[in-house]
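K.L.:
Here it is, the structure, as structure tokens.
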Amino acid sequence: MATSNMFSFTHASPAGMIAIILCATMSATTLFAADNQKVTVVREYTEIEQRPHFDSLNAEFGVNKDLPPNFELQALLALSHYPELRDVKIRFIVDDVSIPLSSRPHWSSLLRSAKNRTYLVIIDSSLEGTREALLLKNQPFNAQVGIIGHELSHTVYYLNRSFFGIAADALCQLSDCRIGFERATDSRLIGYGLGWQRFDHASFVRREFSSNTNAVSNLEGGGGAYMSPAELLRIMQSSTLYAD
């Protein structure tokens, strides 16, 4: 068996070898915030309660950030959970890109050190038909914070990736290892205290697209590349961060 595995690895294509290396690296990646970092867990963010804090949030977490129009507060609340991103340059872009949200380093900064790169979080502005529910503007406030937090969890991950690691990540999106990549992102997000926000986002999406009410919260509702509400809840219940 060991000989067979070695044979398949040494005869893999360059793209396949990079994907294999990526998956091995991801399995060793720390998914949770550092023990010495203060993590805040908030069950629900509401706009009416958080709006008075906008200026202080912006002063502390808006440095080097191009915030997304109409979602500035939500972005700042998500950013407040990631102290590593405090001085990192991040551009939030709202545009018609056919993908609800995505994140990546800007190609022109890839050869810089991780903290000196520019990172992009791209928010779609136009989707048609039933997919319109995936637009950020159509989601509840707490869920908006959650899915922006998911994208920023990618950004935190990229801070520990070299140029070649990021190239491997790009190839991963074209293979089955994307499932593990996205699920690791959700696990990391939970460790930074945004589990309830991501839970609300996952629940909202399933309510919009599922005719089976049990699928909204049950593990059997599926998660695919993204965790279901039940899977998110199970991780939160096993974490002391979320203990009542």
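K.L.:
Inspect the stretch 126-140 for any residue being in a loop (DSSP other than H, G, I, E, B), loosely packed, with under 14 Cβ neighbours inside 10 Å and touching a residue at least 24 places away in the same chain (Cβ under 8 Å) and give the result as yes or no.
P.N.:
There is at least one residue in the stretch 126-140 that is in a loop (DSSP other than H, G, I, E, B), loosely packed, with under 14 Cβ neighbours inside 10 Å and touching a residue at least 24 places away in the same chain (Cβ under 8 Å).
K.L.:
Mind listing whichever residues of the stretch 191-208 are buried (at least 23 other Cβ atoms within 10 Å of the Cβ), touching a residue at least 60 places away in the same chain (Cβ under 8 Å) and not in a loop (DSSP other than H, G, I, E, B)?
P.N.:
Scanning the stretch 191-208 gives G195, Q197, D200, H201.
K.L.:
To continue, here is another question. Taking E182, is it in contact with a strand residue (DSSP E or B) (Cβ under 6 Å, 6 or more places away or on another chain) and within 21 Å of E231 (Cα to Cα)?
P.N.:
Numbers: in contact with a strand residue (DSSP E or B) (Cβ under 6 Å, 6 or more places away or on another chain): no; within 21 Å of E231 (Cα to Cα): yes.
Spelling it out, it is not the case that E182 is in contact with a strand residue (DSSP E or B) (Cβ under 6 Å, 6 or more places away or on another chain) and within 21 Å of E231 (Cα to Cα).
K.L.:
S113 fails exactly one of the following numbered conditions: (1) touching a Lys or Arg at 6+ places or on another chain (Cβ under 6 Å); (2) of a type outside the set (V, I, T); (3) over 30 Å from Q50 (Cβ atoms). What is the number of that condition?
P.N.:
Only one criterion is unmet by S113, namely (1).
K.L.:
Shifting gears a bit: Checking K89 against (1) at pLDDT 95 or above; (2) under 21 Å from G193 (Cβ atoms), which test does it fail?
P.N.:
Only one criterion is unmet by K89, namely (2).
K.L.:
So N116 clears everything in (1) surrounded by fewer than 17 Cβ atoms within 10 Å (Cβ to Cβ); (2) touching a strand residue (DSSP E or B) at 6+ places or on another chain (Cβ under 7 Å) except one condition, right? Which one?
P.N.:
(2)
K.L.:
Could you figure out which of (1) surrounded by 14 or more Cβ atoms within 10 Å (Cβ to Cβ); (2) part of a helix (DSSP H, G or I) isn't true of S103?
P.N.:
Every listed condition holds for S103 apart from (2).
K.L.:
How many residues, within the stretch 160-190, are in a loop (DSSP other than H, G, I, E, B), within 20 Å of H106 (Cα to Cα) and not polar (S, T, N, Q)?
P.N.:
2
The values are calculated or read from the model by the stated rules, or taken from the named source; none is laboratory data. If you're wondering where the values come from, they're calculated on a predicted model, not measured in any experiment. With ideal geometry, Cβ positions are generated from the backbone for all residues, glycine too; neighbour counts draw on all protein chains shown.
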